[in-house]
């Protein structure tokens, strides 16, 4: 029997059991779509993290305080308050730290912002006028607050694009932050979401005002220091200078016992990349398992089909079908179920890739490689799981098969 | 008449061994010539079904020689037997064995799928015309009466122009009127030169054959046609 005719026969077999064929196909469809979508979401998330980190600038360093130790239990990084304004002035010394261009101390907390028309709770950061430069951000309207305003504990605020839009506030408006009136002096240019945090949903106020109204605590203590190196090529020496200076001012001789840690955009990028990769592998594994389950579904339905069509198999054998003809017929049926499922799965994934970003604000980047792999694996799964049922069909003795009820 | 189609020499089929040994067919010899119309009779359990399976190349004998149209089939493998069945034998079964998802002509076409054949549709339609079902070619089996279904099955047996038509209780599931139609078709086919072997337990059915043999306890004996 020619392959084309076997194919035709196989198709007739599948169309003879339409509902069953469709349900089996669905199993593969969801498996393939799940694999493509999870890999797509992982890829999109990695892309956006990388883009976000690139937008941070490669010359940003962040100094976080070390962790506290209480009753022998080490707290998380950043749980201690070891960074002070003294550190800030030390790092600003052009003599000791020639490669550090700017230093911005940061405190942050959460507060409710109320405008004339709306309100929202968001992250409020207190910093100095260097905040804009160290974060590599820019303004779309107004100006950033000045060093004088920081010293005067001025009640002025620079809003992120999302916050400004939510509040319906423009430059010159009044908004209330934690119950105190602030004047909006500027709005930041949007840089988009990183997938983890939204950098546009933010309010920045003078450090001194933030310590008074939001975070409390000693006016000398800050939560983080943002440093920008004079250029991306001097980031290594800026790192060394900051490390050296902070060890000195904190009177620490053993670098391993440092009560602070310094991270750069590069280390952020590699951490983010490994987190994203791990998540993607995890999700894709779950999706791959569902593809496997779909394959077992194909095998199951082919076994049912062989059992149910025993008489047909016997008849075909009596009429001259060889074991090979039947093996091929059932293999083609199994492979077709999963191949069609795979192709429809790609369609479903493309549809999801179009709809999900619009409905759920999750980016999906569908690339050709996982699509091809998923379809090939799906067809392969069908073939592999179809072999056993097909071999059973081929092995049936014609008389036993004809007599079956 | 013509050449020898079937030659069985001391053929036995044994199932099981030791105390459980069953000699379903025990030392049977038989000769059928081209153009013959033979009926094999016998009650159930007499071994006539086993004999039919051996004659139809659906099973191979445990011992003895079986030559079909000059070819020794006793030692053939499954693939060679499939080829013999496809080229040489047309089957008609008691339960019709039509595929319910296919139209009449698709059912008749089936054996042609397992050989190289041109104009399969036309060949199938010709066979259906021979059994008088030209106006039923697109019908599904469940839209046809029992007699019509068996006629479709006969068309399927005819379509390959086989050396022999092997009919196993072809009227077993039919009423007397439909039985008569089916037997008339078989008689007509024999008249036009087809070799027919008919397996039945019914003496009236066996009566249409030129020659009747009887199976009993695995042995075969000739009996004068009524």
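The values are calculated or read from the model by the stated rules, or taken from the named source; none is laboratory data. What you see is a predicted model, and the numbers here were worked out from it, not measured in a lab. Cβ: placed from backbone, ideal geometry, glycine included. Neighbour counts: every protein chain shown.
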### Query
Is it the case that some residue within region B:93-105 is surrounded by 21 or more Cβ atoms within 10 Å (Cβ to Cβ) and in contact (Cβ under 8 Å) with a residue 60 or more places away in the chain?
yes
### Task
Tell me which residues, restricted to region A:154-172, are more than 11 Å from residue A:200 (Cα to Cα) and part of a loop (DSSP other than H, G, I, E, B).
A:154, A:155, A:168, A:169, A:170, A:171, A:172
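Quick check on residue B:143: is it surrounded by 18 or more Cβ atoms within 10 Å (Cβ to Cβ) and closer than 30 Å to residue A:325 by Cα?
Working: surrounded by 18 or more Cβ atoms within 10 Å (Cβ to Cβ): no; closer than 30 Å to residue A:325 by Cα: yes.
Considered against the rule, which asks whether it is surrounded by 18 or more Cβ atoms within 10 Å (Cβ to Cβ) and closer than 30 Å to residue A:325 by Cα, residue B:143 comes out as no.
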### Message
For region A:53-77, give me each residue that is crowded, with 17+ Cβ neighbours inside 10 Å, within 24 Å of the chain's Cα centre (by Cα) and modelled with pLDDT under 75.
### Response
A:53, A:56, A:57
### Task
Kindly establish whether residue A:231 is outside the structural domain of residue A:357 (by TED's automatic domain parsing), surrounded by fewer than 14 Cβ atoms within 10 Å (Cβ to Cβ), touching a residue at least 24 places away in the same chain (Cβ under 8 Å) and closer than 17 Å to residue A:133 by Cα.
yes
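Can you give me the ranges of the strands (runs of 3 or more DSSP E) entirely in region A:175-235 with at least 2 residues that are at pLDDT 85 or above and more than 21 Å from residue A:141 (Cβ to Cβ)?
Details: elements: A:180-188, A:202-206, A:224-229.
Fully inside region A:175-235 and qualifying: A:224-229.
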### The listed residue being in contact with a strand residue (DSSP E or B) (Cβ under 6 Å, 6 or more places away or on another chain), surrounded by fewer than 19 Cβ atoms within 10 Å (Cβ to Cβ) and modelled with pLDDT of 90 or more, out of B:211, B:121
B:211
### Task
Select from region B:70-84 the residues that are touching a strand residue (DSSP E or B) at 6+ places or on another chain (Cβ under 8 Å), at pLDDT 90 or above and buried (at least 17 other Cβ atoms within 10 Å of the Cβ) and write down the one among them that is nearest to the other protein chains (Cβ to nearest Cβ).
B:84
### Task
Could you check residue A:244 against (1) in a helix (DSSP H, G or I); (2) under 31 Å from the mean Cα position of the chain (by Cα); (3) not assigned by TED's automatic domain parsing to the domain that holds residue A:383 and say which number it fails?
(2)
## Note on the structure
Of (1) within 13 Å of chain A (Cβ to nearest Cβ); (2) surrounded by 21 or more Cβ atoms within 10 Å (Cβ to Cβ), residue B:47 satisfies every one except (1)
### Query
In region B:133-173, how many are more than 16 Å from residue B:94 (Cα to Cα) and without any contact (Cβ under 8 Å) to a residue 40 or more places away in the chain?
9
### Query
So, in region A:1-25, of the ones that are surrounded by fewer than 16 Cβ atoms within 10 Å (Cβ to Cβ) and closer than 15 Å to residue A:297 by Cβ, which residue ends up farthest from the other protein chains (Cβ to nearest Cβ)?
A:23
### Query
What number of residues within region A:78-115 satisfy the criterion of being closer than 20 Å to residue A:213 by Cβ and at pLDDT 85 or above?
12
### Task
Output the residues belonging to region A:95-112 that are in a strand (DSSP E or B) and either closer than 17 Å to residue A:228 by Cα or in contact with a helix residue (DSSP H, G or I) (Cβ under 6 Å, 6 or more places away or on another chain) (or both).
A:100, A:101, A:102, A:103, A:104, A:105, A:106, A:107, A:109, A:111
### Query
Which residue out of A:389, A:398, A:368 is crowded, with 17+ Cβ neighbours inside 10 Å and farther than 22 Å from residue A:300 by Cβ?
A:398
### Message
Filter region A:113-128 down to the residues that are under 25 Å from residue A:219 (Cβ atoms) and either touching a helix residue (DSSP H, G or I) at 6+ places or on another chain (Cβ under 6 Å) or surrounded by 13 or more Cβ atoms within 10 Å (Cβ to Cβ) (or both) and list them by number.
### Response
A:113, A:122, A:123, A:124, A:125, A:126, A:127, A:128
### Query
If you go through region A:258-265 one residue at a time, do you hit one that is closer than 30 Å to residue B:57 by Cβ, away from every other protein chain (no Cβ under 14 Å) and either without any contact (Cβ under 8 Å) to a residue 40 or more places away in the chain or part of a strand (DSSP E or B) (or both)?
no
